[in-house]
Amino acid sequence: MNEIVSKQIIGPAVYRIEISAPRIAKRHQAGNFIMLRIDETGERIPLTVADTDQEKGTVTLVFQAVGKTSEQLGAMEVGESLLDFVGPLGKPTHIEKMAGVAICVGGGIGVAPVHPIAKALKQAGNRVISIMGARAKELLIMEEDMKRSSDELLIATDDGSYGHHGFVTDVLDKVIQREGAENVGLVVAIGPVPMMRACCKTTEPYGVETVVSLNPIMVDATGMCGACRVTVGGETKFACVDGPEFNGHEVDFDELTKRLRMYLEDERAAMERYNHEMKDHKRCYES
Ligand code: FAD
Ligand code: FES
Ligand code: MG
């Protein structure tokens, strides 16, 4: 159980791994995430279920190595197993057949959590327009998956190396104008906090419902510890049980940004220790 059955490197420090987890694969719904722990000494981290294969009983995770635990996970090989793999967690996305078009926007690694939502919206009979963005072409991930899960896929790169030269928000604005705001049923925007905030600013004047998926630090992911608290519509919510998806027009993004920076020094120190340990490990092997 919890064995890595396939592994691909799909971008700079971006990994796609398939884990054997038949129970989670069966129960998963778009918008769910899992919590994993690599070994007894490790911390628990949340990752979105990017895809599932019920026949094989596997769950696909797509993640970027940004710190100690994600680096360690990226270094694991096929055949190795994770100590804990808990899920599906979080409220699933509200999926229904809408009168209007659904627009799914994914920025950077945010394409991974957007993918199952686009797929489920399309399976429910909606017309899905997806917009993917990254700093440059080589940082775009899951283009083929997104093509399959959308009726139309538009791409934006900050440096103009592929698709529209500019931000996903430029494309989002053009699509809303082209379709007519009254014909847009829903916008789902997932990615870095500044990108989600900019998407909400773009859709607000049009009065288009906009859902974002928040990524606060999570510790227990059962609503007990309070680590993941966010303010939405002036109320305190726990992203792990009340979310992670919320109405983007009501999210206090300033507070979320501040809370995400809280452990920056500890995260840097953990990474330095990890790099040190890896160097020692390599030296032992070489000598
Ligand atoms: P660290 O150096 O410890 O931290 C780097 C940054 O990662 C932090 O500044 C913080 O922003 C974030 N982070 C660290 N620990 C946690 C934690 N316990 N909970 C939440 N965020 C944390 N990333 C992906 O690449 N792919 C995904 O599909 C994905 N899905 C997510 C779904 C949810 C619901 C949430 C809350 C986060 C998701 N993330 C995803 C972010 C991922 O959890 C972090 O990148 C990961 O925890 C980093 O851990 P680290 O030890 O490698 O890095
Ligand atoms: Fe503890 Fe959400 S992670 S309450
Ligand atoms: Mg960490």
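Worth pointing out:
- Over region 109-188 - Rg/Rh using Cα atoms and the Kirkwood inverse-distance radius: 0.96
- Region 1-91 shape via C-alpha gyration tensor axes, a/c threshold 1.5: rounded
- Packing order of peptides 210-217, 158-165, highest average first: 210-217, 158-165 (average count of other Cβ atoms within 10 Å over each peptide's residues).
- Local charge for Gly248 was computed over the other residues whose Cβ lies under 12 Å away, with Lys and Arg +1 and Asp and Glu -1, and equals -3.
- Calculated mean residue ellipticity at 222 nm for the chain: -9000 deg cm²/dmol, from DSSP H runs with n ≥ 4 weighted as -39500 (n - 2.57), summed, divided by the residue count and rounded to 500.
- This ranking places Thr157, Thr41 by how few other beta-carbon atoms lie within 10 Å of each, fewest first, which gives Thr41, Thr157.
- Couplings 3J(HN,Hα) for region 119-124, derived from phi with the Karplus relation 6.51 cos²θ - 1.76 cosθ + 1.60 (θ = phi - 60°), are 4, 5, 5, 5, 4, 7 Hz, where x marks Gly and Pro.
- In a simple Cβ point-charge model (Lys, Arg +1; Asp, Glu -1; nothing else charged), the chain has a dipole of about 260 debye relative to its Cα centre.
- Annotation: amide H of Gly100 within the under-5 Å range of Gly185, sequence separation 5 or more or interchain, hydrogens built in the peptide plane.
- Loop-located trypsin sites (Lys or Arg not before Pro) in region 195-262, at most 14 other Cβ atoms within 10 Å (DSSP): Arg261
- Förster-model FRET efficiency, 25 Å R0, Thr41 and Glu250, C-beta, rounded to 0.05: 0.05
- Sorted fewest first by neighbouring Cβ atoms within 10 angstrom, Cys199, Cys225 come out as Cys225, Cys199.
- Fewest neighbouring Cβ atoms within 10 Å first, the residues Met1, Met142 line up as Met1, Met142.
- Restriction of the chymotrypsin sites (Phe, Trp or Tyr not before Pro) in region 216-259 to DSSP coil positions whose beta-carbon has at most 12 other beta-carbons within 10 angstrom yields no sites.
Throughout, read-outs are computed from the coordinates displayed, never taken from laboratory work. Everything numeric in this text was worked out from a predicted model, so none of it was measured. Quick reminder, even Gly has a Cβ in these numbers, built from the backbone with ideal geometry, and neighbours come from all protein chains shown.
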